[in-house]
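The values are calculated or read from the model by the stated rules, or taken from the named source; none is laboratory data. Predicted model only: the values in this text are computed from it and were never measured. When we count neighbours, we look across all protein chains shown, and the Cβ atoms used for this are built from the backbone with ideal geometry, even at glycine.
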């Protein structure tokens, strides 16, 4: 199964549920949804996850759970994304098996190279690129030059670099430059969630990737 270049992430919003956001994203054409549930009771998370999974399956879209390994296992999700403070990636791989996606998080080069050396994660969410409302607590940002240096280091030191997906305030206009330095893909939330024209936005993102790939 090929890893999607565009990871869509749900978020808490006052007017729409995670299920509704996932449905609208699937209707817009996304092929991977990351369900990001925070500060909810276990029963509620299970209900939301199962409903979201049914939506994703209807649209043949992969579903990755953020943080909660027990939830990913219970619903047999397509994978899990873990932050650096979450459950150990080795445990997740043992529990999920080799055919599920495992994503890691890196905020700087040392964290990225740590995950690269371990060789467990299938991809890394690398950020933060710009300030976002999703994670306002983040104060340090990675420039395009820093990302290029990190990827160059990966390529020089490892035969199989882990794909990097840049996250945090990424704009559609950033895609050509990100691809040029070797970024595999992007993770997005507000760009889709806050749009009134989700399909048009997603199609423009996909088109920019296709155009950028032609110039590589």
Review point. If you check residue 186 against the conditions, is it in a helix (DSSP H, G or I) and closer than 29 Å to residue 24 by Cβ?
Key: no
Review point. Can you name the number of the only condition in (1) buried (at least 16 other Cβ atoms within 10 Å of the Cβ); (2) part of a helix (DSSP H, G or I) that residue 57 fails?
Key: (1)
Check your understanding: Are any residues in segment 71-85 under 19 Å from residue 120 (Cβ atoms) and either at pLDDT below 95 or in contact with a helix residue (DSSP H, G or I) (Cβ under 8 Å, 6 or more places away or on another chain) (or both), and if so, which ones?
Key -> 72, 73, 77, 79, 80, 82, 83, 84, 85
Review point. Quick one: how many residues across segment 13-34 are assigned to a loop (DSSP other than H, G, I, E, B), under 27 Å from residue 104 (Cβ atoms) and in contact with a helix residue (DSSP H, G or I) (Cβ under 8 Å, 6 or more places away or on another chain)?
Key: 3
Check your understanding: Filtering segment 189-209 down to residues that are surrounded by 14 or more Cβ atoms within 10 Å (Cβ to Cβ) and assigned to a loop (DSSP other than H, G, I, E, B), which residue is farthest from the chain's Cα centre (by Cα)?
Key -> 195
Check your understanding: Within the bounds of segment 63-73, is there any residue that is surrounded by fewer than 14 Cβ atoms within 10 Å (Cβ to Cβ) and part of a loop (DSSP other than H, G, I, E, B)?
Key -> no
Check your understanding: Is it the case that segment 75-97 has a residue that's in a strand (DSSP E or B) and touching a residue at least 40 places away in the same chain (Cβ under 8 Å)?
Key -> yes
Practice item. Name the one entry in 64, 172, 162, 102 that is in contact with a helix residue (DSSP H, G or I) (Cβ under 7 Å, 6 or more places away or on another chain), within 30 Å of residue 43 (Cα to Cα) and at pLDDT 95 or above. Key: 102
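Rundown of residues vs (1) more than 20 Å from residue 4 (Cα to Cα); (2) under 19 Å from the mean Cα position of the chain (by Cα); (3) free of Cβ contacts under 8 Å to residues at least 12 places away in the same chain; (4) not in a loop (DSSP other than H, G, I, E, B), yes/no style:
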residue	(1), (2), (3), (4)
111	yes, yes, no, yes
114	yes, yes, yes, yes
131	yes, yes, no, no
142	yes, yes, no, no
154	yes, no, no, yes
169	no, yes, no, no
176	no, yes, no, yes
179	no, yes, no, yes
